Amino acid sequence: KAGVTQTPRYLIKTRGQQVTLSCSPISGHRSVSWYQQTPGQGLQFLFEYFSETQRNKGNFPGRFSGRQFSNSRSEMNVSTLELGDSALYLCASSLDRGDYNEQFFGPGTRLTVL
Amino acid sequence: KQEVTQIPAALSVPEGENLVLNCSFTDSAIYNLQWFRQDPGKGLTSLLLIQSSQREQTSGRLNASLDKSSGRSTLYIAASQPGDSATYLCAVSTMNRDDKIIFGKGTRLHILP
């Protein structure tokens, strides 16, 4: 069974631009969560999508948004990029059977904002 | 608000030794706790997940315990190998809708050959 895939793996943007990251979950997984990882803040939860609906949201500004498609693939968008948005963006999928939600992570997208 | 702490931040031990990594959390209202390893520049690999009703889980040379009442979990690695060198993160699945999963900042483990 294929794991979680993320594209692109690396991205360089300039301040003010916007970016879209993509995540394909493990087949059969309907929950997709996004995280931001930086050296200073560690791993922080951005949001979770389940059956095309945002189910949970972390404490990030509205510039960070996402969506999920009917095939469970998810995209994350960041508008008006700031230098501080440089980070490794990770997505994770899970089966989400009640309170059993083991997370499986993709390799991440390394975003650099210049 | 749930906080997850991992101590120490870094650890170096000689190959072959058994070792324990620690994780503590402030709010016992959790669904589960999960241990991950992360190699430099890579994603996270799930090692063990312990449900809130469980006390421990084992996989090969790894054993994770959970004491919800004291807000602690440990990851025990037996007979360490150089390939175990990585950053180990613990994460709790909270009952708080806005947080969902809170990660510790990890313990960077280096196994000396």
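So, counting K/R as plus one and D/E as minus one, what does the shell of residues with Cβ under 15 Å around B:Gln6 add up to?
Surrounding charge for B:Gln6 is +3.
With Cβ to Cβ distances under 13 Å as the rule, what net charge do the other residues near A:Gln18 carry (K, R +1; D, E -1)?
0
Near B:Lys105, which aspartates and glutamates are there with a Cα under 12 Å away, not counting those fewer than 8 places off in the same chain?
Straight-distance partners of B:Lys105: B:Glu3.
Could you give me the ³J(HN,Hα) list for the stretch A:44-49, computed from phi with Karplus coefficients 6.51, -1.76, 1.60 and θ = phi - 60°, whole Hz, x at Gly and Pro?
Going residue by residue, I get 10, 6, 9, 6, 10, 10 Hz, with x marking Gly and Pro.
Which FRET efficiency value, to the nearest 0.05, do you get for B:Ser12 and A:Leu95 by plugging their Cβ-Cβ distance into 1/(1 + (r/R0)^6) with R0 = 35 Å?
Using R0 = 35 Å, I get an efficiency of 0.40.
Roughly how big is the stretch B:38-113's charge dipole about its Cα centre, with Cβ charges of +1 (Lys, Arg) and -1 (Asp, Glu), in debye to the nearest 20?
Result for the stretch B:38-113 is approximately 80 debye, rounded to the nearest 20.
Take every residue in peptide B:30-42, count the Cβ atoms of other chains within 10 Å of its Cβ, and give the average of those counts.
3
Counting only residues 5 or more places away or on other chains, whose amide H sits under 5 Å from the amide H of B:Met95 once H atoms are built in the peptide plane?
Close amide H contacts, sequence-distant or interchain: B:Tyr31.
Starting from the Cα gyration tensor of the stretch B:37-113, take the square roots of the eigenvalues, sort them a ≥ b ≥ c, and report rounded, prolate or oblate (rounded when a/c is under 1.5, otherwise prolate if a/b is larger than b/c, else oblate).
In terms of gyration-tensor shape, oblate.
Taking the Cα centre of each part, how many Å lie between the stretch B:30-92 and the stretch A:1-79?
24 Å
Work out the length of the dipole vector of chain A about its Cα centre, built from +1 on the beta-carbon of each Lys and Arg and -1 on the beta-carbon of each Asp and Glu, and round it to the nearest 20 debye.
240 debye
Which one, A:Leu11, A:Leu90, A:Phe69, projects farthest toward the positive side of the charge dipole computed for chain A from Cβ point charges (K/R +1, D/E -1)?
Checking the options against the dipole of chain A, the answer is A:Leu11.
Work out which residues of the stretch A:70-114 lose at minimum 30 square angstrom of accessible surface when the other protein chains are put back, relative to the chain isolated, with a 1.4 angstrom probe, and list them by number.
Residues passing the criterion (a loss of at least 30 Å², heavy atoms only) are A:Asp99, A:Tyr100, A:Asn101, A:Glu102, A:Gln103, A:Phe105.
Once both labels are modelled 7 Å past Cα along the beta-carbon direction, what's the B:Thr5-A:Thr38 spacing in nm?
Roughly 2.3 nm, to one decimal.
Report the net charge of residues surrounding B:Leu66, where surrounding means a beta-carbon distance below 13 angstrom and charges are Lys +1, Arg +1, Asp -1, Glu -1.
+1
Please report, in debye to the nearest 20, how large the charge dipole of the protein assembly as shown is about its Cα centre when each Lys and Arg carries +1 at its beta carbon and each Asp and Glu carries -1 there.
Here the size comes out at about 480 debye.
When the accessible area of chain A is split by element with a 1.4 Å probe, what percent falls to carbon and sulfur?
It is 49 percent, rounded to a whole number.
Using protein chains only (no ligands, no nucleic acids) and a 1.4 Å probe, work out which residues of the stretch B:69-113 have their accessible area cut by at least 50 Å² relative to the chain alone.
For the stretch B:69-113, once contacts with the other chains are taken into account, B:Arg97, B:Lys100, B:Ile101, B:Phe103, B:Lys105 lose 50 Å² or more.
With r as the distance between the Cβ atoms of A:Ser86 and B:Gln54 and R0 = 35 Å, compute the FRET efficiency 1/(1 + (r/R0)^6) and round to 0.05.
For B:Gln54 and A:Ser86, the calculated efficiency is 0.35.
The values are calculated or read from the model by the stated rules, or taken from the named source; none is laboratory data. Computed from a predicted model, the values in this text were never measured in an experiment. No Cβ is skipped: glycine too gets one built from the backbone with ideal geometry, and neighbour counts run over all protein chains shown. Remember, those area values only see protein heavy atoms, side chains included, never the ligands or the DNA or RNA. Shrake-Rupley method; radii C 1.70, N 1.55, O 1.52, S 1.80 Å.
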